[in-house]
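Colleague: Quick one: this structure, given as structure tokens, is what I'll be asking you about.
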Amino acid sequence: MQDKINQIISLLEEEFPGLKSKPSKSDPLDVLIATMLSQNTTDKTSYIAFQNLKTRFKNWESVMIAPLSRIRAAIRVCGLVNQKSKSIKKLLKQLNTKYGSLSLNFLKKMTDDSIYKELLQYNGVGVKTVSCVLAFGLARDVFPVDTHVHRLTNRLGLADSKSPEKTFKQVKDLIPRGKKFLFHTLLIRFGRKICRANNPLCGKCRLYDLCIFERKEFYSIRANGIPKENNFIILEHV
Ligand code: SF4
């Protein structure tokens, strides 16, 4: 399996040359909130919601003590506003109670496994969210799995699972060290341009011979469609 992964990485690097193997580091708490906002919406709307929070409130302490109606108004554009506003406010309160301040900079000294354990105890924070904090907030070499990466890894036969969480567990240790974040980024680009959820462009796919998707022959002769938006790209700009 590792040979196959290396082969896929090489082919995708040829398709998308020059991608960074590490993201720029952002504030880990910013990334945590931005990822919570990104659930079930596009990069664009979650980015607008995140920017609204940053500009309408002085800091995360202000968000923590603000009425829910103000938080809802700021993030309205990104959907699920009741759930997201409550989760964010609750999380900020819990962090403040436990650590005495609203900063996640203490995570910098912790191992990846300890950080997963620490953050997964909070409601609304799942494996994908913690992986994003590690990758985009702490520049760790991890492999965030969202619905798109889940789809691609299963079509390529690297995982066999029904959920991103299970896919993450199956794949994370198979990817060579130092290539996890790069592989994630390559798959996101590939999913956006070629292996889309609907109407994948199998006829133009460099990975065709490595793919086990049962409908690839059918899609290889279908007409091209319009690329859709995808998650995670925006987290590089938080
Ligand atoms: S052949 Fe089609 S389904 Fe398989 S990886 Fe390529 S685009 Fe995706």
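The values are calculated or read from the model by the stated rules, or taken from the named source; none is laboratory data. Owing to the predicted nature of the structure, the values given are computational and were not obtained by experimental measurement. Here Cβ is always computed from backbone atoms with ideal geometry, including for glycine, and neighbour counts include all displayed protein chains. In case anyone asks, the SASA skips ligands and DNA or RNA and just uses the protein heavy atoms, side chains included. Shrake-Rupley method; radii C 1.70, N 1.55, O 1.52, S 1.80 Å.
Colleague: Identify, among LEU29, ASN82, LEU152, the residue whose Cα sits farthest towards the positive end of the charge dipole of segment 1-159, taking +1 on the Cβ of Lys and Arg and -1 on the Cβ of Asp and Glu, with the dipole about the Cα centre.
Modeller: ASN82
Colleague: Right, another one. Would you mind listing how long segment 168-227 runs along its three principal axes, going by Cα atoms, in whole Å with the largest first?
Modeller: Principal-axis extents of the Cα atoms in segment 168-227, largest first: 38, 22, 18 Å.
Colleague: I'd like the distance between the alpha-carbon centres of segment 100-165 and segment 16-46, rounded to an integer number of Å.
Modeller: 12
Colleague: Eigenvalues of the Cα gyration tensor times 5, then square-rooted: what semi-axes does that give for the chain, in whole angstrom, largest first?
Modeller: 33, 20, 14
Colleague: Separate question: Calculate one ³J(HN,Hα) per residue across segment 75-81 by plugging θ = phi - 60° into the Karplus curve 6.51 cos²θ - 1.76 cosθ + 1.60, and present them in order as whole Hz with x for glycine and proline.
Modeller: Each residue's phi maps through the Karplus curve to give 9, 3, 4, 9, x, 6, 5 Hz.
Colleague: Please compute the modelled spin-label separation between GLU15 and ASN82, points set 7 Å along Cα→Cβ, answer in nm with one decimal.
Modeller: A separation of 4.1 nm, rounded to one decimal place.
Colleague: Per 10 Å bin from zero, what fraction in whole % of the C-alpha pairs of segment 1-85 is there, up to the bin with the longest pair?
Modeller: 16, 36, 20, 17, 11, 1
Colleague: Under a 1.4 Å probe, what is the accessible area of the chain per residue, stated in Å²?
Modeller: About 49 Å² of surface per residue is accessible.
Colleague: Measuring from a point 7 Å past the Cα of ASP173 along Cα-to-C-beta, which residues in segment 103-141 have an amide N at less than 13 Å?
Modeller: Within reach of a label on ASP173: no residues.
Colleague: From the P(r) of segment 39-150, can you give the percent of Cα pairs sitting at distances over 21 Å?
Modeller: 41
Colleague: Of the trypsin sites (Lys or Arg not before Pro) in segment 148-200, which ones lie in a loop per DSSP and count no more than 11 other C-beta atoms within 10 Å?
Modeller: On the way: sites: ARG151, ARG155, LYS162, LYS166, LYS169, LYS172, ARG177, LYS179, LYS180, ARG189, ARG192, LYS193, ARG196; in loops: LYS162, LYS172, ARG177, LYS179, ARG196.
Here the trypsin sites (Lys or Arg not before Pro) that fit, given the DSSP loop and packing criteria, are LYS162, ARG177.
Colleague: Give me the percent of accessible area attributable to carbon and sulfur for the chain, probe 1.4 angstrom.
Modeller: 51
Colleague: Under a Cβ-only charge scheme (Lys and Arg +1, Asp and Glu -1), can you give me the dipole magnitude of segment 28-124 about the Cα centre, in debye to the nearest 20?
Modeller: 440
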